[in-house]
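Peer 1: One structure, as structure tokens, below. Some questions next.
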Amino acid sequence: MTDSLTVRDNRTGQEYEVPITDGTIKAADLGQIKGTGEDEPGLAVYDPGFVNTASCRSAVTYIDGDKGILEYRGYPIEQLAEHSNFMEVAYLLIHGSLPSKAEYDAWVHEITFHTFVHENVKSFMEGFRYDAHPMGMLMASVGALSTFYPDARNISDAENRHMQIVRMIAKMPTLGAWSFRHAQGKPFIYPDNDLSYTANFLSMLFKMSEKNFEADERLVRALDVLFILHADHEQNCSTNAVRSVGSSQVDPYSAVSAGVGALFGPLHGGANEAVLRMLRRIGGKENIPAFIEGVKNGNERLMGFGHRVYKNYDPRAKIIKKSAEDVFEVTGTNPLLDIALELEKIALEDEYFVKRKLYPNVDFYSGLIYEAFQFPPEMFTVLFAIGRTPGWLAQWLELVQDKEQKIARPKQIYTGDRTLDFVPASERWA
Ligand SMILES: CC(C)(COP(=O)(O)OP(=O)(O)OC[C@H]1O[C@@H](n2cnc3c(N)ncnc32)[C@H](O)[C@@H]1OP(=O)(O)O)[C@@H](O)C(=O)NCCC(=O)NCCS
């Protein structure tokens, strides 16, 4: 058996052999297959949304969507969520292996001492309109960091790359918290470097006049777990945006701000907000059957269900369900939880969802938890972005060191007019 594909072009009768490597063929190898016309271009692959196209080799995150498996650098998400913390997971994603005690301490020290931003960033953020969406503010302020660190453009220098990675992971909570405070008309709170990454974030979000802000440890842990669960998810829409923009060799702040933009969309990071809106609209368990009928008739989608990759229960959704219980223990339960649980139960037994392999995804329960923290829905995606930052950066780092990568530039199938004769406006409008 040879690892190749024999392709017969029925237009010409000609056969071609295309090598198979790692279960893929190179799309460029199909370019040799040409039709009968002299100038006809070679065969290309049409794949909107990249549903069956590998864009890179990656050793960061493994997903088996059919089995519901998610691993960062080979470690199962369940074990990381239970026994690790976000700082260690960030190290793992960026460096590829778990840290020694000395490496971990140095990493946490580095991140902690880069949490402050330049005072000009503060005035820049204050310039936004009073009702600016925090995701828009985050996207713009991450991008703006590129102007504060022009040396970040030197992406071929490993030490320089490391510096920007540390800065970005460190400053993201500061920018995220300040986006939140701006909308509330509250003063920006500076980082407290005596606190852990996640406790400091909560302090910057919620501190008022107290000397020290001490969040409930159970809430700190729950948010830390949520960051772990969101830290990477291989080639999703925002990671693809980071890689695609990064492939032009722009600085990492600009590339990550593109990722934040992609995450802003309702089909990606915005789904948990949509879940809450949906649960509120349903209003009570008695209205679920009618709602499900509407979904099955194609009038709307059951938000928080279905995934491009997972055709099984999203492993993150299971962990989040457990975190929700821990959080509600501190904050008291959310009445929408009962609707969500019942909705899940009904949908998992309904043929429409079973047949299409639609299961709860990470967003189905995360919104409920965020709401329990008293985050407004506009903040949900900001939390996602903070968690995803190490993943984006690990993928970016891999991209810039990958000799096989090129500037991202897909092909198209042109469907427009050709060779029209231009008539000047003065004649057309005469
Ligand atoms: C995530 C999502 C965009 C994946 O989309 P996709 O891989 O392109 O899947 P498709 O849109 O092709 O869906 C396949 C089928 O399932 C149906 N479907 C998918 N998600 C559905 C949902 N949430 N509710 C109802 N039907 C759904 C589609 O209508 C389609 O049915 P059909 O074959 O009869 O046309 C999609 O499942 C979705 O919109 N889910 C809700 C939003 C969400 O929770 N996003 C967060 C993702 S983490």
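The values are calculated or read from the model by the stated rules, or taken from the named source; none is laboratory data. Just so it is clear, the structure is predicted and the values come from calculations on it, not from any experiment. Note that we place each Cβ from the backbone using ideal geometry, even for glycine, and neighbour counts take in every protein chain shown. Areas reflect the complete protein model, heavy atoms only, side chains present, ligands, DNA and RNA absent. Shrake-Rupley method; radii C 1.70, N 1.55, O 1.52, S 1.80 Å.
Peer 1: Over all alpha-carbon pairs in region 1-115, figure out the percentage whose distance exceeds 16 Å.
Peer 2: So the pairs more than 16 Å apart make up 73 percent of the total in region 1-115.
Peer 1: Show Trp107, Trp429 ordered by accessible area, largest first, where the area counts protein heavy atoms only and the probe is 1.4 Å. Please report the intermediate quantities before stating the final value.
Peer 2: Details: Trp107 5, Trp429 200 Å².
Ranking Trp107, Trp429 by accessible area, largest first, yields Trp429, Trp107.
Peer 1: Can you compute 3J(HN,Hα) from phi for each residue in region 43-48, using the Karplus curve 6.51 cos²θ - 1.76 cosθ + 1.60 with θ = phi - 60°, rounded to whole Hz and x for Gly and Pro?
Peer 2: Working through the residues one at a time gives 5, 10, 10, 9, 8, x Hz.
Peer 1: Please compute the Cα-Cα pair-distance distribution of region 170-232 with 10 Å bins starting at 0, giving whole percents from short to long.
Peer 2: Answer for region 170-232: a P(r) of 22, 53, 23, 1 percent.
Peer 1: Pop out the Kirkwood hydrodynamic radius of region 76-170 from its pairwise C-alpha distances, inverse of mean 1/r, in Å to one decimal. Walk me through the numbers before you get to the answer.
Peer 2: Details: mean 1/r = 0.0651 Å⁻¹.
About 15.4 Å for region 76-170.
Peer 1: Also, quick follow-up: Which shape class applies to region 270-361: rounded if a/c is under 1.5, otherwise prolate when a/b exceeds b/c and oblate if not, where a ≥ b ≥ c are the square roots of the Cα gyration tensor eigenvalues?
Peer 2: Verdict is oblate for region 270-361.
Peer 1: For region 278-430, restrict the atom set to alpha-carbon positions and state the Rg and Dmax in Å.
Peer 2: Radius of gyration, then largest Cα-Cα span, for region 278-430: 23.1, 75 Å.
Peer 1: Taking 7 Å along the Cα-to-C-beta vector as the label spot, tell me the Ala408-Glu342 distance in nanometres, rounded to one decimal.
Peer 2: The answer from the label model is 4.2 nm.
Peer 1: Another question about this same structure. Please work out how many pairs of lysine residues in region 286-430 are eight or more positions apart (or on different chains) and have Cα atoms closer than 27 angstrom.
Peer 2: Taking region 286-430 as the scope, the lysine pair count is 23.
Peer 1: Oh, and also: Which trypsin sites (Lys or Arg not before Pro) does region 352-403 hold that lie in a coil by DSSP with at most 16 other beta carbons within 10 Å?
Peer 2: Counting only loop positions with at most 16 other Cβ atoms within 10 Å, the trypsin sites (Lys or Arg not before Pro) in region 352-403 are Arg356, Lys357, Lys403.
Peer 1: Given a 1.4 Å probe and heavy atoms of the protein chains only, how would you sort Arg8, Arg73, Arg218, largest accessible area at the top?
Peer 2: Numbers: Arg8 135, Arg73 55, Arg218 110 Å².
Greatest to least solvent exposure: Arg8, Arg218, Arg73.
Peer 1: Here's another thing I want to ask about it. Using a cut-off of 23 Å between alpha-carbon atoms, which lysines can reach Lys211, once sequence neighbours fewer than 8 places away in the same chain are excluded?
Peer 2: Reachable lysines: Lys122, Lys171, Lys186.
Peer 1: Sticking with this structure for a sec: What translational diffusion coefficient, to the nearest whole µm²/s, does region 174-333 have by Stokes-Einstein, given a Kirkwood radius computed over alpha-carbon pairs, a temperature of 37 °C and 0.692 mPa s viscosity?
Peer 2: 176
Peer 1: Skipping prolines and chain starts, which residues have an amide H placed within reach, meaning under 5 Å, of the one on Ile69, given they are 5 or more residues away or on another chain?
Peer 2: Asp64
Peer 1: Taking the solvent-accessible surface of protein heavy atoms with a 1.4 Å probe, what is the per residue accessible area of region 332-430 in Å²?
Peer 2: Computed with neighbouring chains in place, this is 57 Å² per residue.
Peer 1: Go through region 414-430 residue by residue and turn each phi into a ³J(HN,Hα) via Karplus (6.51, -1.76, 1.60, θ = phi - 60°); whole Hz please, and just put x for glycine and proline.
Peer 2: Rounded to whole hertz, the list is 6, 10, x, 6, 9, 6, 7, 8, 6, 10, x, 3, 4, 8, 5, 8, 5.
Peer 1: Follow-up. Accessible area of the chain with a 1.4 Å probe: how many percent of it is carbon plus sulfur? Write out the running numbers ahead of the final one.
Peer 2: Values: 11290 of 22000 Å².
Result for the chain: 51 percent of the exposed heavy-atom area is carbon or sulfur.
Peer 1: Also, I was wondering about something else. Enter the Cα centre distance for the pair region 237-258 and region 126-190, rounded to the nearest angstrom.
Peer 2: Taking the Cα centre of each part, region 237-258 and region 126-190 sit 15 Å apart.
Peer 1: Taking the Cα centre as origin and putting +1 on Lys and Arg beta-carbons and -1 on Asp and Glu beta-carbons, what dipole magnitude results for the chain, to the nearest 20 debye?
Peer 2: Roughly 620 debye, rounded to the nearest 20.
Peer 1: Top mean-square fluctuation among His162, His83, His109, Gaussian network model of the chain, C-alpha springs under 10 Å?
Peer 2: Greatest mean-square fluctuation among the candidates belongs to His83.
Peer 1: Once you have all Cα-Cα distances for the chain, histogram them in 10 Å bins from zero and send the whole-percent values.
Peer 2: Bins of 10 Å from zero give 4, 19, 27, 23, 15, 8, 3, 0 percent of pairs.
Peer 1: Let me ask something additional. Please identify every one of the trypsin sites (Lys or Arg not before Pro) in region 124-168 that sits in a loop by DSSP and has no more than 14 other beta carbons within 10 Å of its own beta carbon.
Peer 2: Arg129
Peer 1: Going highest first, how would you order 116-124, 373-381, 230-238 by mean Cβ packing within 10 Å?
Peer 2: Ranked by mean Cβ neighbours within 10 Å, highest first: 230-238, 373-381, 116-124.
Peer 1: Would you please name the GluC sites (Glu not before Pro) within region 201-232 that are DSSP coil residues with at most 15 other C-beta atoms within 10 Å of their C-beta? Walk me through the intermediate numbers first.
Peer 2: On the way: sites: Glu210, Glu214, Glu217; in loops: Glu210, Glu214.
Qualifying residues, ordered by number: Glu210, Glu214.
Peer 1: Taking θ = phi - 60°, what integer Hz values does the Karplus form 6.51 cos²θ - 1.76 cosθ + 1.60 yield along region 119-132, in sequence order, with x for Gly and Pro?
Peer 2: 4, 5, 5, 4, 5, 4, 5, 5, x, 5, 4, 4, 10, 4
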